[in-house]
Amino acid sequence: MYFRFLPLLASLVFAGCSRDPASPANTSPPATAAAPAYPLRGVVTDVMPAQSSLMVRHEEIPGFMPAMTMALKVEADVLPAATRDQVITATLYRREAEFWLRDVKLSPPGSAAAPAAPAASADGGVGNAEAGQAIYARICFTCHQFTGLGLPGAFPPLAGAEPVAGDPDRLIRIVLHGLQGPITVKGVTYASVMPPHGMQLQDQEIADVLTYVRGAWDNRSGPVSAAAVARVRAADAGRAMMWTWDELQNR
Ligand code: HEC
């Protein structure tokens, strides 16, 4: 549902072509102009020279991929310059069965030059899990608990919860405007009320706390960006009601 299948088909076609056996696997030329390419922004979370890859926590790639953390192949000359926590911008494309990056630009974490720096003022900033943990400890834990397990019968869990792993826009809506009425999480139905936090929290703060929640405990979902929060906030401007879970399915 998240992925368009065109790139996949294209990659299957490419997979049928044989690679020049003389050229080393990781320095082969970029894919042809016909291959679809997407701008990517995120943060390097690990450098893996043995796989010629960077582990990158990237923002949503609209129309192609949700925000997530994934291993991405890079040309050999990129690796020596890369370190953890750098902000990365690049062009993502598929080469055969793999995802590759070209036009890679790396900058120090929080650097002013970094387009995707998780700086408080940058609207496009990828959520910062550490900042988000502090917000969680200030606001969310009273109901959802430090363990993320919630309280049986009263507050649903966030650890291992289906809504948390799902559509980030839906999560943003829940935090902005609140949630009421029945929702079933991990097989248990809650019919309670979560108050809105849209007045209290800035776009970047909501991105931070959701990025934390999506990566905390055993959750393994990608970050949420402040740009996404700003977009959803604008789309729902003027809304006064809390959401119901049913209503959110049709947004
Ligand atoms: C006052 C208590 C309270 C606070 C504070 C609170 N929540 Fe909730 N939250 C709830 C309740 C209750 C529900 C279920 C509402 C319902 O029954 O429809 C819920 C539902 C959710 C859900 C969807 C269901 C699930 O378990 O995945 C998410 C996601 C969520 N909250 C995230 C947050 C985040 C992030 C914060 C902090 C910014 C937060 N909540 C703060 C009470 C709270």
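Values in this text are rule-based calculations from the coordinates and carry no lab data. It should be emphasised that the depicted structure is a prediction, and the values quoted were computed from it without experimental measurement. Please note: Cβ atoms are built from the backbone with ideal geometry, for glycine as well, and neighbour counts cover all protein chains shown.
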Cα atoms only: what Rg and Dmax, in Å, come out for segment 129-249?
13.0, 36
Can you give the extra length, in nm with one decimal, that the chain gains between T244 and D167 once fully stretched, where that is 0.36 nm per residue apart less the Cα-Cα distance?
26.2 nm
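List F155, F146 from most exposed to least, where exposure is judged by having the fewest other Cβ atoms within 10 Å. Intermediate results must be reported in sequence, preceding the final value.
Values: F155 18, F146 12.
Exposure proxy ranking, most exposed first: F146, F155.
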Fully extended, how many nm does the chain gain between S192 and D103 (0.36 nm per residue separation, minus their Cα-Cα distance)?
27.2 nm
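When the chain is fully extended, how far beyond the present Cα-Cα distance does W217 get from Q202, taking 0.36 nm per residue of separation?
Numbers: separation 15, 0.36 × 15 = 5.40 nm, distance 2.43 nm.
Additional length available on full extension: 3.0 nm.
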Could you tell me the center-to-center distance, by alpha carbons, between segment 82-106 and segment 143-192 in angstrom?
34 Å
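In what sequence do S221, S192 fall when counting other Cβ within 10 Å, fewest first? Walk me through the numbers before you get to the answer.
Details: S221 19, S192 14.
Starting with the residue having the fewest Cβ neighbours, the order is S192, S221.
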